[in-house]
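The values are calculated or read from the model by the stated rules, or taken from the named source; none is laboratory data. Predicted model only: the values in this text are computed from it and were never measured. Glycine gets a Cβ as well: all are built from the backbone with ideal geometry, and neighbour counts include every protein chain shown.
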Amino acid sequence: MAQEVGAHVGDRALLQRALQAEREARVNVVWFKRDLRIDDHEPLARAAAAGPCVLLYIHEPAILAGDDIDAIHVHAFDAALAALEAELRSRYGAMLTYRTGDAVAVLESLHAQTGFTTLYSHEETGNAATYARDRAVLRWARERGVRWEESPQFGVVRRLRSRDGWAARWERRIGREPLPAAQQLATIALPYRARATPSALGFELERDRSVQPTGLVQARADLASFLASRGATYRRAMSSPLAGERACSRLSVHLATGSISLRTVTSATRARRAALAPGSLALSLKSFEARLHWHCHFIQKLEDEPAIEFHNVNRAYDGLREDEFDATRFAAWAEGRTGFPMVDACMRSLRATGWLNFRMRAMLVSFAAYDLWLHWRMPALHLARLFADYEPGIHYSQMQMQSGVTGINTLRIYSPRKQAEDQDPEGIFIRRWVPELANVPREYLAEPHLMPDLLQAAYGIRIGADYPAPIVETKAALAYARASIKRFREKPEMRARSAAVFRKHGSRNSRERRPAR
């Protein structure tokens, strides 16, 4: 009897060793894309629990060649990758496997090397190039018998049937506690290849441009300082391009690179709010938390309708501006030489730093859309290249909303003069970024072309020579814009198409209005 029991025990031990050996032989791949962190990283956690894995990042020349990609993005991701490398080494003794090339070709080569069985990654709602890439990877995985497990990155829902109940689904996903980093991680050692530098990829950053420091350590520090004290003035300062530089969270570039997760930000914000007594910081964090919902609300639109990267979300507006595009006006706007100081200061500041607060971004788009009557697609590409925190889902949805072609949003026309008076009353921001106007007295700084010739001579500035005269006459330009939009809104099909846009994309929280009767 004792021998029989011993035999059974031995059989079980042998079976367990066999299963363990099989588990250890099964190689998996974690594909890092726009999720450069170890905390709250579900694909990494699942792969760590499944067995040894390869930690992969692919530099993809075809995607980097896109007309919405610029050196500032490559440098932001490079810094975030360096920080991720350091964290992986210190915590796990692990290294990233870098490859350069087409994703399918890279995965095919890696599969031939390792025979990996499962590919782990986050879902991505990116531009058309990444969407096409992911569809090609899915076809490849099915052909090779590789299981591709994608985890949600944000509160964006794949194959969403209806916006009804979306907010509750967002809460169930983002309201959870963040996943801790895996305690242990077994990785496969492959021949080492160093990270391709931005220069090697063909992306030099000009000397007069900079990028906000990125990476998971910096992301944690920026979140901590915002929640501790910086956010106290958020509600009243976020509209100012000066005060907003510090009072805003500055987390957008970290969310774009994935150096920190939206769930981590949400959880930390709620915990901080719960610990605070009533006051300015508590109110500011309440306002900030509301905007975290809007992050995913806008990305969901591109997820549901990828074509809005290229076409009006409301096709009843097709032809509104497309045939009247003025390349000269566009160039002046893009280069910050429109003759409208607040517009030019914002554009120059954005080019130099890669960041601008939301209200000033909206003003730039409003000016392009209404004052200059530019169709949104070319301005969208220009701004995408300038925003270090470029997030396609938010970007194209916002471009269309601010350009007035959704049919479900209130028309927003920003006056550069009023924005200068309200948000830069002392002229500090304008003088910093438009030094040609440094000596112009404050009362003329928003509209220097109104200065009499004698005053211009006295202050050493000649409008039209040292600084451009306005490239459009505002009153006439806006009258033309309003009349043109009114004509399109009266089209017989507009009401039905706007209702369809609302059903597909509209918020159910009444912040976006339903189409007017």
Asp70 fails exactly one of (1) within 16 Å of Leu55 (Cβ to Cβ); (2) among the charged types (D, E, K, R); (3) touching a residue at least 60 places away in the same chain (Cβ under 8 Å), namely (1)
Is there a residue in the stretch 130-137 that is in contact with a strand residue (DSSP E or B) (Cβ under 9 Å, 6 or more places away or on another chain) and in the same structural domain as Ile72 (by TED's automatic domain parsing)? yes
With Arg263, Arg359 as the choices, which residue is of a type in the set (Lys, Arg), buried (at least 21 other Cβ atoms within 10 Å of the Cβ) and within 22 Å of the chain's Cα centre (by Cα)? Arg263
When residues of the stretch 393-412 are limited to those that are among the β-branched types (Val, Ile, Thr) and closer than 17 Å to Phe488 by Cα, the one surrounded by the fewest Cβ atoms within 10 Å (Cβ to Cβ): Thr410
Taking the stretch 309-365 and keeping only residues that are part of a loop (DSSP other than H, G, I, E, B), acidic (Asp, Glu) and over 23 Å from Ser397 (Cβ atoms), one is left with Asp326
Which of the following residues is among the charged types (D, E, K, R), assigned to a helix (DSSP H, G or I) and closer than 20 Å to Arg176 by Cβ: Arg246, Arg220? Arg220
Going by the structure shown, is Trp148 aromatic (Phe, Trp, Tyr) and in a helix (DSSP H, G or I)? no
Single residue of Arg172, Arg159 found to be within 19 Å of Leu292 (Cα to Cα) and either at pLDDT below 95 or not assigned by TED's automatic domain parsing to the domain that holds Thr264 (or both): Arg172
Within the stretch 237-250, considering residues that are free of Cβ contacts under 8 Å to residues at least 60 places away in the same chain and crowded, with 21+ Cβ neighbours inside 10 Å, the one nearest to Arg37 (Cα to Cα): Ser249
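One line per residue, one yes/no per condition, for (1) touching a His at 6+ places or on another chain (Cβ under 6 Å); (2) crowded, with 20+ Cβ neighbours inside 10 Å; (3) among the acidic types (Asp, Glu):
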{"site": "Arg46", "(1), (2), (3)": "no, no, no"}
{"site": "Asp68", "(1), (2), (3)": "no, yes, yes"}
{"site": "Asp78", "(1), (2), (3)": "no, yes, yes"}
{"site": "Ala83", "(1), (2), (3)": "no, yes, no"}
{"site": "Leu88", "(1), (2), (3)": "no, no, no"}
{"site": "Thr97", "(1), (2), (3)": "no, yes, no"}
{"site": "Gly115", "(1), (2), (3)": "no, no, no"}
{"site": "His122", "(1), (2), (3)": "no, yes, no"}
Leading residue by the ranking (surrounded by the fewest Cβ atoms within 10 Å (Cβ to Cβ)) among those in the stretch 187-201 that are in contact (Cβ under 8 Å) with a residue 24 or more places away in the chain and either within 20 Å of Tyr390 (Cα to Cα) or polar (S, T, N, Q) (or both): Thr197
Per the filter on the stretch 289-336, residues of a type in the set (A, V, I, L, M) and under 23 Å from the mean Cα position of the chain (by Cα) are Ala290, Leu292, Ile299, Leu302, Ala307, Ile308, Val313, Ala334
Here are Val30, Val106, Val74: which of them is part of a strand (DSSP E or B) and either of a type in the set (Phe, Trp, Tyr) or modelled with pLDDT of 95 or more (or both)? Val30
Scan of the stretch 271-296 for residues that are free of Cβ contacts under 8 Å to residues at least 40 places away in the same chain and charged (D, E, K, R), ordered by number: Arg273, Lys286, Glu289, Arg291
Can you confirm whether the stretch 402-410 contains a residue that is assigned to a helix (DSSP H, G or I), under 19 Å from Arg329 (Cα atoms), of a type outside the set (Ser, Thr, Tyr) and out of contact with any Leu (no Cβ under 8 Å at 6 or more places or on another chain)? yes
For the stretch 304-327, indicate whether the set of residues that are outside the structural domain of Ala243 (by TED's automatic domain parsing), without any contact (Cβ under 8 Å) to a residue 60 or more places away in the chain and of a type in the set (Phe, Trp, Tyr) is non-empty. yes
Scanning the stretch 432-485 residue by residue, those part of a helix (DSSP H, G or I) and of a type in the set (Phe, Trp, Tyr) turn out to be Trp433, Tyr444, Tyr459, Tyr480
Looking across the stretch 204-236 at residues that are touching a Ser or Thr at 6+ places or on another chain (Cβ under 9 Å) and free of Cβ contacts under 8 Å to residues at least 24 places away in the same chain, the single one that is surrounded by the fewest Cβ atoms within 10 Å (Cβ to Cβ) is Arg236
